Amino acid sequence: MKTQIALVLVSGLAFAAPVSGLASDGRRVEIAEPGGAAAGVGAAQEREGLGDIPFEDRVASFINEFYLSSDRRTDEDLERLYSARVDYFGKGRWSRVRVIGDKRSYYARWQRRSYALLRDTLRVDRRPGPDKIFDVAFEYTFDVGSTSKVSRGRGRALLTMDLGQEGGRITREAGEVIERW
């Protein structure tokens, strides 16, 4: 049986329109779809100095600064990220409310959390067709702990994001621990 490490996304992730948030060090991080045709995308990128930053680099920044952040996220943060129904770790289609409950349990179980993206493993693939659906896969290291237990190793995360939904929504989240230390 494979152990799961649930990761948490925060802030909107709509590549079709620029999304910004503050990183843990106070820097602004913004992501926009490459070649985005939405009004204001170019202006927003210019304002934040992102015009020359490759799309994959923006995704990597978002993964590092938000998805793999050790900060605890509010229910409101999570509500903005997940679709009404989510294919959740191969356990079927869960409601957003159920996903949020699971994230809260994860925070309670692992009070200390640290993650790091293994940059050369990041893949961002847009699915063919008119919809703005992206598959994002990457590996990361983790070091999580509670008052009685510690877990360290390397994991793999798989996300599907529908960026056509308001604010961008995660429609699938999966992953596995691939190595323990």
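No lab work stands behind these numbers, since they all come straight from the coordinates. The shown structure was predicted, so the numbers you read here are calculated from the model rather than taken from an experiment. Backbone-built Cβ (ideal geometry, glycine too); neighbour counts: all protein chains shown.
A compact table of results
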read-out: Hits in the stretch 154-174 - residues which are crowded, with 21+ Cβ neighbours inside 10 Å and without any contact (Cβ under 8 Å) to a residue 24 or more places away in the chain; value: none
read-out: Any chance ASP102 is surrounded by 11 or more Cβ atoms within 10 Å (Cβ to Cβ), farther than 17 Å from ASP75 by Cβ and over 14 Å from the mean Cα position of the chain (by Cα); value: no
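Matching residues to (1) under 14 Å from THR160 (Cα atoms); (2) among the acidic types (Asp, Glu); (3) in a strand (DSSP E or B); (4) in contact with a Pro (Cβ under 9 Å, 6 or more places away or on another chain):
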residue: ASP87; (1), (2), (3), (4): yes, yes, yes, no
residue: LYS91; (1), (2), (3), (4): no, no, no, no
residue: VAL99; (1), (2), (3), (4): no, no, no, no
residue: LEU118; (1), (2), (3), (4): no, no, yes, no
residue: GLY129; (1), (2), (3), (4): no, no, no, no
residue: PHE134; (1), (2), (3), (4): yes, no, yes, no
residue: PHE142; (1), (2), (3), (4): no, no, yes, no
residue: SER148; (1), (2), (3), (4): no, no, no, no
